[in-house]
Amino acid sequence: MKSVLDRRRDEDRGAVLALTAAERVALALALGERDLEAFRRARGLSRVDAARILDRQKQYGRRASACLAVLIG
């Protein structure tokens, strides 16, 4: 027996699969903007500061690229 959550997940997946590639990209960008706005409001930050913090968090713990270091000098 499927739960309400399982049915809802299947409906959402079907709706996303019915979208064109361009529509999926637009949806992904809209969801990213929505999440950035929620983060910004929760922290009381400007949009630029919120985006900067999230970008830094994505980079935390990553190793520097040796290839990029050679190209930059």
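The values are calculated or read from the model by the stated rules, or taken from the named source; none is laboratory data. Computed from a predicted structure; not experimentally measured. Glycine also receives a Cβ, built like all others from the backbone with ideal geometry; neighbour counts cover every protein chain displayed. Side chains included, ligands, DNA and RNA excluded: accessible areas come from the protein's heavy atoms. Shrake-Rupley method; radii C 1.70, N 1.55, O 1.52, S 1.80 Å.
Seen from all sides and averaged, what is the projected area of the convex hull of the Cα atoms in the chain, in nm²?
9.0 nm²
At 222 nm, what value in deg cm²/dmol follows for the chain if DSSP H runs of at least 4 each add -39500 (n - 2.57) and the sum is divided by all its residues, to the nearest 500?
-25500 deg cm²/dmol
How much net charge surrounds Arg47 when only other residues with a Cβ under 9 Å from its Cβ are counted (Lys, Arg +1; Asp, Glu -1)?
-1
Given a 1.4 Å probe, how much area per residue of the chain is accessible, in Å²?
90 Å²
What is the sum of charges around Val16, taking Lys and Arg as +1, Asp and Glu as -1, for the other residues whose C-beta is under 12 Å from the C-beta of Val16?
Surrounding charge for Val16 is -1.
Got a number for carbon plus sulfur as a percent of the chain's accessible area, 1.4 Å probe?
It is 59 percent, rounded to a whole number.
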